[in-house]
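In what follows, a single structure is set out as structure tokens and then discussed.
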There are 2 protein chains.
Amino acid sequence: MMRGREVVNRLAAMLLLLALSPVQAARAEDGYALWLRYAPLKGEALARLRTFAPRVEAAPGTVEGPMLAVAEAELKRGLASLGAPAQTKGAIRLDCPRAGGGGDGAFRIHADGKRRLVIAGADHRACLYGAFALLRELALGRDPLAVALDEHPAMPLRMLDHWDNADGSVERGYAGRSIFDWWRLPDHLDRRLIDYARANAAIGIDAVAVNNVNAPAIFLEPRFIARLKRIADAWRPYGIRVFLSARFSAPRDIGGLATADPLDPGVRRWWKAKADEIYAAIPDFGGFLVKANSEGQPGPQDYGRSHADGANMLAAALGPRGTVIWRAFVYSADDDSDRAKQAYAEFVPLDGRFADTVIVQVKNGPVDFQPREPFHPMFGAMPKTRLMFEGQITKEYLGFSTHLAFLAPLWKEALDAGTGRGGTVADAVRGGGMAGVANIGSDRNWTGGHFDQANWYAFGRLAWNPGLTSADIAREWAAQTFGRDAAFLKAVVPMMLGSRQAVVDYMTPLGLAHLMGTNHHYGPAPWVCDLPRPEWNPCYYHRADAGGIGFDRTASGSDALAQYVPSVAAKWRDPKTMDEDVLLWFHHLPWDWRTRSGRSLWAELVHRYDRGVAAVDTMAATWDAQRAHVDAERFADVAGDLRVQQREARWWRDASVAYWQSVNGLPLPEGAAPPAHNLAHYRALAFPEAPGI
Amino acid sequence: MMRGREVVNRLAAMLLLLALSPVQAARAEDGYALWLRYAPLKGEALARLRTFAPRVEAAPGTVEGPMLAVAEAELKRGLASLGAPAQTKGAIRLDCPRAGGGGDGAFRIHADGKRRLVIAGADHRACLYGAFALLRELALGRDPLAVALDEHPAMPLRMLDHWDNADGSVERGYAGRSIFDWWRLPDHLDRRLIDYARANAAIGIDAVAVNNVNAPAIFLEPRFIARLKRIADAWRPYGIRVFLSARFSAPRDIGGLATADPLDPGVRRWWKAKADEIYAAIPDFGGFLVKANSEGQPGPQDYGRSHADGANMLAAALGPRGTVIWRAFVYSADDDSDRAKQAYAEFVPLDGRFADTVIVQVKNGPVDFQPREPFHPMFGAMPKTRLMFEGQITKEYLGFSTHLAFLAPLWKEALDAGTGRGGTVADAVRGGGMAGVANIGSDRNWTGGHFDQANWYAFGRLAWNPGLTSADIAREWAAQTFGRDAAFLKAVVPMMLGSRQAVVDYMTPLGLAHLMGTNHHYGPAPWVCDLPRPEWNPCYYHRADAGGIGFDRTASGSDALAQYVPSVAAKWRDPKTMDEDVLLWFHHLPWDWRTRSGRSLWAELVHRYDRGVAAVDTMAATWDAQRAHVDAERFADVAGDLRVQQREARWWRDASVAYWQSVNGLPLPEGAAPPAHNLAHYRALAFPEAPGI
């Protein structure tokens, strides 16, 4: 008895120490763990896992390798954290015979009837993804021996694009500094970069472009290649290949050449040598991401060459070793027809002229990551070209990281849209992939707002399987990140699902777009109309005057509608019958136009602003009721951000309403509250400290 | 037996969970805890503490208050972490009767013979500082009942100056982004700001200027005052008052006035109203820090007024509520005599003209935070003016955060110097204080390099007591931060103590200064001589030509020497007898000048470069031998930084030697290795990605 007592006392003392130590105390729940939190299971789920009590083992004859080692280590770590230290009653067998990660990562998980779960696939990548998938199922409380999965990725490239600069700043970043500390690399690799790779592997991300598409050539210099090599080496076991944003004028900028003409033999030799230099350091280098002849970036058109000429030249330099991802986000200072039309107009005629290792990357909508846009007409329109879907995870136009907006429904709207050319948008990118502009920074919780983690998660999950529903993704994310309690999920999942529509409503209802403040895109500025290029001005997009509001993109206007196939265009041609969520995207309508609600367009507009504000109030109340379900720190963080969102939703509504009134001279609809301030007040606000520029 | 067993098993399982959980695992030792780590005591020290086993209690009749609550909480937390959960065998009594923290914080700690330690002082601030002092003694392994301290701060203001910008960047910051997330304030206060206040209180820091001295007026706008209020409220219980860097032209920039003339009644009213507005939000606001008429900042001279006119106008606005700290760091584009002379020349004639609530802040040396400078001649030269010592904790000129350089010896050189005017430099600032330019950022370990934490610590400790030795400070820091093992301290403390001299030797030996790269100050650039203002050029400082090297500051040159009293100047007048560490600061000497080593000046210069490189190699070897004493993560971090330092020390030495050879045409001294590359190589290096600009 005495000896047992003694042990208990010692253990109790140790526990107390662990619990009380300031090192621990300072490290309460802070969001760092992301969806790899693996909080201990309870009740029945814990009992099932303990009964299973598996060891983790490789199938006989399996070749060892670093990627398999990661799969094993993650399983052990995750199982222990969930509450089942490895024993030998059951087994999780990793049956992925071939080393390396060259396969697509398709995996199956099934019980073999001998108290054994088998994760099987062609090579180690299958077991990497299978391990994380199994952990996700277990973290959701599923019965281990009932797990049965048969999955394969929907597209080859599931990618994050970091708009991170060499100096540590992040264009459109709202979560602190860049996670890439180029200054300390290659000597020091921050451990965050390993946890970043773990989090990505868990959702199937397999490629990362590490630097801003507005790229200086410096990233192609030897010291940066040495730094990138350190990252590539660290990420390889997690199945992630690195890409570089490459400046098209690099042969001139740093190569000492007089031209960057893609047809110039010296330029072609320079890029080939540069590619060889990179591959000598990083044998599995992914390739180049290029923003060319767009917003001031250099490109092949500077030499009278086409986008295809430029992309194919780089593809020749990479050879079969890598991929050129060429962005279709272009708009020209000379074309005053309709910015929404220009990418299609420039690229579709080039269909069939791009090399097989070139992928053209197309934003979800035809303008620029607005709270709502119709899908981009290029999807499906280039059948002989590999296309990639570009979404923006960082919320440049959706309230930065202080507004709660779950973006899966935004991406799903585009991915699920039928192009009318034989499939959905998701189908159109199955040969290419999906790239998301990352929302990740050095903030302890990675993304600034805790709920912004959900957007990173959702983007990866959708790239793996665009068929997942937003609700499924929200539920599995919330359960892993916060807690599995049914009451919590029942409240929070619907809150997430409605959050993006709330932003649309209080910022840009009814298909309005691009009404944000100049440069920083913070807050409302529909009055701005004096910027040098027409398409930089909010007034270019809303076209409001005493007679009406909206951008006529029908045949009587810019006819951007004609870029869609007739069956699709038909859905949007008639303002009386169409989906009013994109009404003013396609039509200029009088203020007294009768919407389907029976309200005038003006009354409907105000109604939607008010609906958005009310939705945020409801979100705040919903969150406030979750205090018992969430740790104090994250609860307070989210509550604080929701207070910001409540305030700013009102600001958006009031400033917009005040401005529209100054244009249409109409009284407020019955029952609508007047703006808190006059228009002059809102116009005078300035925010030179706004982040992300 | 069975029940005891069961408990043991459950406890063991819990322990394992704690140990294995990824949340914990991701949070191994990362440096976040700073000197508040309070690692569990062992052996005799632990036994003594457990025998003492104190509860923490307030003396009967003590008024409660938030600052006393912090003292109690920190004691309990620290004691538990050290291994002595509160019991009632002994007691730590807090005997600080008065509430608030208006006193100077003097405290006594003594045992009263009844197994009770008493921390006593006038008000709660005394118990705050006493609590942290006691924890430091305990963390160093001292016998609790033998602790006897009687301390008081040497000067009223013990301050950190953050050169942090509103956008989160940090001028001369090498540790990530600013810890001040203005964007989320006031709704969200990052918990880092609480741990920051704890760390500061533990070393006696009582004031913080939160924004860059190159300040935009925006920080004086209402939304920033609201944000600052949130910080001030959070820091008040830790005894820290906030200061703002104020832009002198604010009345014009944001006040709508046509002038910022300090004698203009409208300007005076504007500042008075602004001060009232701030004090309404923050009753204990510290005051304004001002950089005026320096490096392009606006100031009273723009209106033909003096520094005293400007400072006194702001002092009148603050009234007795606060302090104006006016920087003496000025140099003029029009004065081509000697930059080192200008602050003295401008300020000393104003002695006696500054209001009592104005403090003039003087850098440790007359130029700008170089690896070594003689002390600033203003110290002691303004007996009717309160002076403050400004040191730079962030290593703008000493290798950023990747070079290990412990700066206590640098500051001690200045603080201990006799001014010849009745005391030391430390004596000259006893009525003012010490301000350190912070090296703190959002990096997880706060300061980029782990050893840079020691500089933050040392600055605070010296401001509390300039009489502490560098060795004592190094030892107590290393023991608290890494470990108490005698063998570890015996190796690491001397390494720290010699580290700053190593930097001097490989960068700017023998009194050379300001030879760093343009703007970013990264790496060697002694060849730069084409910048528009003469004193921006390294060639201005070294004045090397075929005939010799060094800046003649004697009567035959700029006669800066005459700014020191004769007894001090005499020590530096004769190059044959003086301290050669500042030889070329004061003298221009021929290359074949015979130094006291017997070597020619040229040979001595090369010898010192080599000595610096060798010292870094020794530091790296010393650290490498500490693997067993340090956790793996921090061990690897420091080892990685030392690799950088080894490489860059060679770069400094080689580039400098190559350049001097190009000037003096001399062969290398016997046995000296040739530079690894030719001069053209070093001149061609460019680092647009260098941090901190």
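Structure notes:
- The condition of being more than 14 Å from every other protein chain (Cβ to nearest Cβ) and in contact (Cβ under 8 Å) with a residue 12 or more places away in the chain holds for A:G423.
- Test: residue in segment A:86-107 that is closer than 23 Å to A:G65 by Cβ and without any contact (Cβ under 8 Å) to a residue 24 or more places away in the chain: yes
- Lone qualifier among B:A355, B:A333, B:A343 - being at pLDDT below 95, of a type in the set (A, V, I, L, M, F, W, C) and under 20 Å from B:Q301 (Cα atoms): B:A333
- The condition (being more than 23 Å from the chain's Cα centre (by Cα) and not aromatic (F, W, Y)) is satisfied by just one residue among B:S245, B:S249: B:S249.
- Single residue of B:D123, B:D161, B:D181, B:D150 found to be modelled with pLDDT under 95 and of a type outside the set (F, W, Y): B:D181
- Criterion applied to B:A632, B:A639, B:A686 was being crowded, with 17+ Cβ neighbours inside 10 Å and within 14 Å of chain A (Cβ to nearest Cβ), and the one residue passing it is B:A639.
- Count of segment B:269-305 residues which are in contact with an Asp or Glu (Cβ under 6 Å, 6 or more places away or on another chain) and over 21 Å from B:A343 (Cβ atoms): 0
- Candidates B:P283, B:P298, B:P265, B:P251 - the one that is out of contact with any helix residue (DSSP H, G or I) (no Cβ under 7 Å at 6 or more places or on another chain) and more than 21 Å from B:T357 (Cα to Cα): B:P298
- Residues in segment A:647-673 that are surrounded by 15 or more Cβ atoms within 10 Å (Cβ to Cβ) and assigned to a loop (DSSP other than H, G, I, E, B): A:L666, A:P669, A:A672.
- Selected residue (only one of B:D654, B:D641, B:D637, B:D631 is acidic (D, E), touching a helix residue (DSSP H, G or I) at 6+ places or on another chain (Cβ under 8 Å) and at pLDDT 95 or above): B:D654
- The set of residues in segment A:678-693 being of a type in the set (G, A, S), at negative phi and part of a loop (DSSP other than H, G, I, E, B) consists of A:A686, A:A690.
- Count - residues of segment B:420-451 that are crowded, with 24+ Cβ neighbours inside 10 Å, within 17 Å of B:A199 (Cα to Cα) and more than 16 Å from the chain's Cα centre (by Cα): 1
- B:W602 vs. criteria closer than 29 Å to B:G422 by Cα and buried (at least 17 other Cβ atoms within 10 Å of the Cβ): no
- Search result, residues across segment A:34-48 that are buried (at least 18 other Cβ atoms within 10 Å of the Cβ) and within 14 Å of chain B (Cβ to nearest Cβ): A:L34, A:W35, A:L36, A:R37, A:Y38, A:A39, A:L41
- Against the list (1) closer than 18 Å to B:F400 by Cα; (2) more than 14 Å from chain A (Cβ to nearest Cβ); (3) in contact with a Pro (Cβ under 9 Å, 6 or more places away or on another chain), the condition B:A655 fails is (1).
- Some residue of segment A:504-524 being surrounded by fewer than 22 Cβ atoms within 10 Å (Cβ to Cβ) and closer than 20 Å to A:D624 by Cα: no
- Elements of type helices (runs of 4 or more DSSP H) contained in segment A:473-592, each with 1 or more residues being without any contact (Cβ under 8 Å) to a residue 40 or more places away in the chain and within 24 Å of A:G665 (Cβ to Cβ): A:538-542
- Within segment A:334-368, considering residues that are under 13 Å from A:R386 (Cβ atoms) and in contact with an Asp or Glu (Cβ under 8 Å, 6 or more places away or on another chain), the one surrounded by the most Cβ atoms within 10 Å (Cβ to Cβ): A:V362
- Scanning segment B:482-495 for residues that are buried (at least 22 other Cβ atoms within 10 Å of the Cβ) and more than 18 Å from B:V616 (Cα to Cα) yields a single hit, B:F482.
Okay, residues lined up against (1) part of a strand (DSSP E or B); (2) within 21 Å of B:H520 (Cα to Cα); (3) assigned by TED's automatic domain parsing to the domain that holds B:R643; (4) modelled with pLDDT of 95 or more:
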{"site": "B:P377", "(1), (2), (3), (4)": "no, no, no, yes"}
{"site": "B:K395", "(1), (2), (3), (4)": "no, yes, no, yes"}
{"site": "B:F400", "(1), (2), (3), (4)": "no, yes, no, yes"}
{"site": "B:H403", "(1), (2), (3), (4)": "no, yes, no, yes"}
{"site": "B:G422", "(1), (2), (3), (4)": "no, no, no, no"}
{"site": "B:G441", "(1), (2), (3), (4)": "no, yes, no, yes"}
{"site": "B:H450", "(1), (2), (3), (4)": "no, no, no, yes"}
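- The residues of segment B:166-187 that are more than 8 Å from chain A (Cβ to nearest Cβ), closer than 25 Å to B:Q361 by Cα and surrounded by fewer than 21 Cβ atoms within 10 Å (Cβ to Cβ) amount to a single one, B:E171.
Residue-by-condition table, conditions (1) under 20 Å from the mean Cα position of the chain (by Cα); (2) without any contact (Cβ under 8 Å) to a residue 24 or more places away in the chain; (3) within 14 Å of chain A (Cβ to nearest Cβ); (4) within 23 Å of B:G692 (Cα to Cα):
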position	(1), (2), (3), (4)
B:L128	no, no, no, no
B:A131	no, no, yes, no
B:L138	no, no, yes, no
B:A146	no, no, no, no
B:D161	yes, no, no, yes
B:L189	no, no, yes, no
B:R192	yes, no, yes, yes
B:A199	yes, no, yes, no
B:A207	yes, no, no, no
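- Tally, over segment A:65-114, of residues that are within 14 Å of another protein chain (Cβ to nearest Cβ) and in contact with a helix residue (DSSP H, G or I) (Cβ under 8 Å, 6 or more places away or on another chain): 13
- Qualifying residue in segment B:210-222 (condition: surrounded by fewer than 23 Cβ atoms within 10 Å (Cβ to Cβ), more than 10 Å from every other protein chain (Cβ to nearest Cβ) and hydrophobic (A, V, I, L, M, F, W, C)): yes
- The numbered conditions (1) of a type in the set (S, T, N, Q); (2) more than 14 Å from chain B (Cβ to nearest Cβ); (3) in contact (Cβ under 8 Å) with a residue 60 or more places away in the chain are all true for A:T469 except (3).
- Qualifying residue in segment B:15-34 (condition: farther than 30 Å from B:A232 by Cα, touching a Leu at 6+ places or on another chain (Cβ under 9 Å) and modelled with pLDDT of 90 or more): no
- Qualifying residue in segment B:52-69 (condition: within 30 Å of A:P85 (Cβ to Cβ) and either surrounded by 14 or more Cβ atoms within 10 Å (Cβ to Cβ) or modelled with pLDDT under 95 (or both)): no
- Assessment of segment B:635-642 against the conditions (under 24 Å from B:G399 (Cα atoms) and in a loop (DSSP other than H, G, I, E, B)) yields no matching residue.
The values are calculated or read from the model by the stated rules, or taken from the named source; none is laboratory data. Just so it is clear, the structure is predicted and the values come from calculations on it, not from any experiment. Ideal geometry is used to build each Cβ from the backbone, glycine not excepted, and the neighbour counts take in all protein chains shown.
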